[in-house]
Amino acid sequence: MRMILLADPGKCTGCKLCEIACSIKNEKTHSPASSRIHAVKWMRSGIYIPMVCQQCDSPTCETVCPMDAIKRDEETGAMVIDYDRCIGCRMCVVFCPFGGAGIDAAHGRVIKCDLCRGDPVCVKFCSPEALLYIPATSVNLLKQRNAAERFSELMKKMLTPP
């Protein structure tokens, strides 16, 4: 059964424990810049929004990769980067509509959430339960789509001058 990482901005407190846990798990060091998830504060509204790869059904990152280095892991459903194929062109970073791919400047490579191979550590450290790893049932997918629509509307409001 496919699982999804669902982020609920309404529950995020901005503690950033998800960032710390992710960087320690993936980079073995406390480096929020190397995290695959980011709790972004929107200053105008004072809310935090967990930004992470949405593991899209039709992923732009996979489509724009000229080296075919991004593929779906059939077991976890995550879009993963094959670093043997990746040339570091950053097209996936530029074209991701959710900011799900980033650049780890310390190692000079593109990074994105791979769902910790099916056991996302960020969820374990999110005490307000703003992050959930849940079965991708039709109801949950609908919630995710609705959340993405709300996020899109919020982004439009944030980026529109007053």
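The values are calculated or read from the model by the stated rules, or taken from the named source; none is laboratory data. It should be emphasised that the depicted structure is a prediction, and the values quoted were computed from it without experimental measurement. Note: ideal-geometry Cβ built from the backbone for every residue, glycine included; neighbour counts use all protein chains shown.
With respect to Lys157, is the statement that it is surrounded by fewer than 14 Cβ atoms within 10 Å (Cβ to Cβ) and among the basic types (Lys, Arg) true?
Judged against the criteria, Lys157 is a match.
When only residues in region 26-62 that are among the polar types (S, T, N, Q) and touching a residue at least 24 places away in the same chain (Cβ under 8 Å) count, which is surrounded by the most Cβ atoms within 10 Å (Cβ to Cβ)?
Gln55
Any idea how many residues of region 22-50 are closer than 16 Å to Leu131 by Cβ and either of a type in the set (Lys, Arg) or in contact with a Lys or Arg (Cβ under 7 Å, 6 or more places away or on another chain) (or both)?
Within region 22-50, residues that are closer than 16 Å to Leu131 by Cβ and either of a type in the set (Lys, Arg) or in contact with a Lys or Arg (Cβ under 7 Å, 6 or more places away or on another chain) (or both) number 7.
Pull out all pairs, ordered by first then second residue, where Cβ-Cβ is under 9 Å, the residues are six or more apart or on different chains, the first lies in region 96-108 and is of a type in the set (D, E, K, R), and the second is assigned to a loop (DSSP other than H, G, I, E, B).
From residues that are of a type in the set (D, E, K, R), the pairs are Asp104/Ser31.
Take Asp68 and decide whether it is more than 20 Å from Met1 (Cβ to Cβ) and in a loop (DSSP other than H, G, I, E, B).
Yes, satisfied.
I'd like the full set of residues that are among the charged types (D, E, K, R) and not in a strand (DSSP E or B), limited to region 80-133.
Across region 80-133, the qualifying residues are Asp82, Asp84, Arg85, Arg90, Asp114, Arg117, Asp119, Lys124, Glu129.
With respect to the numbered conditions (1) touching a helix residue (DSSP H, G or I) at 6+ places or on another chain (Cβ under 7 Å); (2) under 25 Å from Ala106 (Cβ atoms); (3) modelled with pLDDT of 95 or more; (4) not hydrophobic (A, V, I, L, M, F, W, C), which one is the sole condition not fulfilled by Asp84?
The one condition Asp84 does not meet is (1).
For region 77-128, give me each residue that is among the β-branched types (Val, Ile, Thr) and either in contact with a Lys or Arg (Cβ under 7 Å, 6 or more places away or on another chain) or exposed (fewer than 13 other Cβ atoms within 10 Å of the Cβ) (or both).
Those that are among the β-branched types (Val, Ile, Thr) and either in contact with a Lys or Arg (Cβ under 7 Å, 6 or more places away or on another chain) or exposed (fewer than 13 other Cβ atoms within 10 Å of the Cβ) (or both): Val80, Ile81, Ile87, Val94, Ile103, Val110, Ile111, Val121.
Could you list, in sequence order, all residues of region 26-57 that are of a type in the set (Gly, Ala, Ser), assigned to a loop (DSSP other than H, G, I, E, B) and in contact with a Ser or Thr (Cβ under 7 Å, 6 or more places away or on another chain)?
Result: Ser31, Ser35.
Which condition breaks for Ser23 when tested against (1) in contact with a strand residue (DSSP E or B) (Cβ under 8 Å, 6 or more places away or on another chain); (2) outside any loop (DSSP other than H, G, I, E, B); (3) surrounded by 20 or more Cβ atoms within 10 Å (Cβ to Cβ)?
Failed condition: (1).
If you scan region 128-146, which residues turn out to be on the phi < 0 side of the Ramachandran plot, at pLDDT 80 or above and over 14 Å from the mean Cα position of the chain (by Cα)?
Once the filter is applied, which keeps residues that are on the phi < 0 side of the Ramachandran plot, at pLDDT 80 or above and over 14 Å from the mean Cα position of the chain (by Cα), region 128-146 yields Pro128, Ile134, Pro135.
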